[in-house]
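**Student:** Before I ask anything, let me first share the structure, which is written out below as structure tokens.
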Amino acid sequence: MTDPYPAEPNPILSRQAEALDLFGRRVHAVRDDQWDAPTPCTAWSVRDLVGHLVSEQAWVPALVRDGGTVDSVGGALAGDLLGPDPVAAWDTVADASRAVFAEPGALDRTVHLSFGDMQAADYCAQLVTDLTVHTWDLSRAIGADEQLPGDLLTFAVREVTPHAAELEKSGLFAAPEEPPPGADVQTKLLCLVGRRP
């Protein structure tokens, strides 16, 4: 018998699906001559940027489903995970990440990251935020539509704001920029993570 009142999906899973799909559309839009193009992440080409996101998503099964650690996984996920077909590599890891986080109880698990333990729901939120920001980076690099969906932007701003002062110290982000007066939520997010929209 079908449940007449099915449970609503966890909102983080909706944001994850939206972020994976949005970034995936940009990956599919990369032309063959754009993989070496520069991105707003000054040390990364388009290929490097996509490789970073492929690597992040590739860790999800080992960390969330299998309860692994960085040490236990070792070098299995090191190096170039894009191979000769970056689009297929993205599709594979995005599908796997989506499936793992959707497993019953997955968001309640503890994930063992290099800097300490974290609830899987918070880890998923972190990945969604990174996907959101890097979708803008990839969009700018390949000349695609840079406008991001409002719900993802609001989500990412909420995730980033409490940690904005520490982001630059990580070495992974440029210094935050002061958003102009009356800035929209996308501009605020990009300024928080050191981008110049």
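**Student:** Take residues that are without any contact (Cβ under 8 Å) to a residue 12 or more places away in the chain and on the phi < 0 side of the Ramachandran plot and tell me which of the helices (runs of 4 or more DSSP H) falling wholly in region 41-120 contain 2 or more. Can you show your working first?
**Tutor:** On the way: elements: 46-60, 70-73, 86-102.
Counting at least 2 such residues, we get 70-73, 86-102.
**Student:** For region 135-167, name all the residues that are charged (D, E, K, R) and part of a helix (DSSP H, G or I). Full working, then the answer.
**Tutor:** Of all residues in region 135-167, those charged (D, E, K, R) come to 137, 140, 145-146, 151, 158-159, 166.
The answer is D137, R140, D151, R158, E159, E166.
**Student:** Here is a list of conditions, (1) without any contact (Cβ under 8 Å) to a residue 40 or more places away in the chain; (2) assigned to a helix (DSSP H, G or I); (3) closer than 26 Å to A62 by Cβ, and Y123 meets all of them except one; can you say which number that is?
**Tutor:** Single failed check for Y123: (1).
**Student:** Starting from region 139-159, take each residue that is more than 14 Å from L189 (Cβ to Cβ) and list its partners that are among the small types (G, A, S) and not in a helix (DSSP H, G or I), counting only C-beta distances under 8 angstrom and pairs at least six apart or across chains.
**Tutor:** Cβ pairs passing all conditions: A141/A37; I142/A37.
**Student:** Within region 151-197, track down each residue that is surrounded by 15 or more Cβ atoms within 10 Å (Cβ to Cβ), small (G, A, S) and either in contact with an Asp or Glu (Cβ under 8 Å, 6 or more places away or on another chain) or under 22 Å from L13 (Cβ atoms) (or both).
**Tutor:** A156, G194
**Student:** Mind checking which residues of region 115-126 are over 16 Å from the mean Cα position of the chain (by Cα) and among the aromatic types (F, W, Y)? Explain how you work it out, then say what you get.
**Tutor:** Of the residues in region 115-126, the ones over 16 Å from the mean Cα position of the chain (by Cα) are 115-119.
Selection gives F115 alone.
**Student:** Here's another thing I want to ask about it. Just for region 127-182: of the residues that are among the acidic types (D, E) and over 20 Å from A29 (Cβ atoms), which one is farthest from the chain's Cα centre (by Cα)? Before the answer, list the steps.
**Tutor:** Looking only at region 127-182, we keep the residues that are among the acidic types (D, E), and these are 130, 137, 145-146, 151, 159, 166, 168, 177-178.
Going one step further and asking which of them are over 20 Å from A29 (Cβ atoms), we end up with 151, 159, 166, 168, 177-178.
Numbers: D151: 15, E159: 12, E166: 18, E168: 18, E177: 21, E178: 23 Å.
Taking the candidates together, the pick is E178.
Each value in this text was obtained by applying a stated rule to the coordinates, not by laboratory testing. Since we're looking at a predicted model, the values are computed, not measured. Virtual Cβ from ideal backbone geometry, glycine too; neighbours counted across all protein chains shown.
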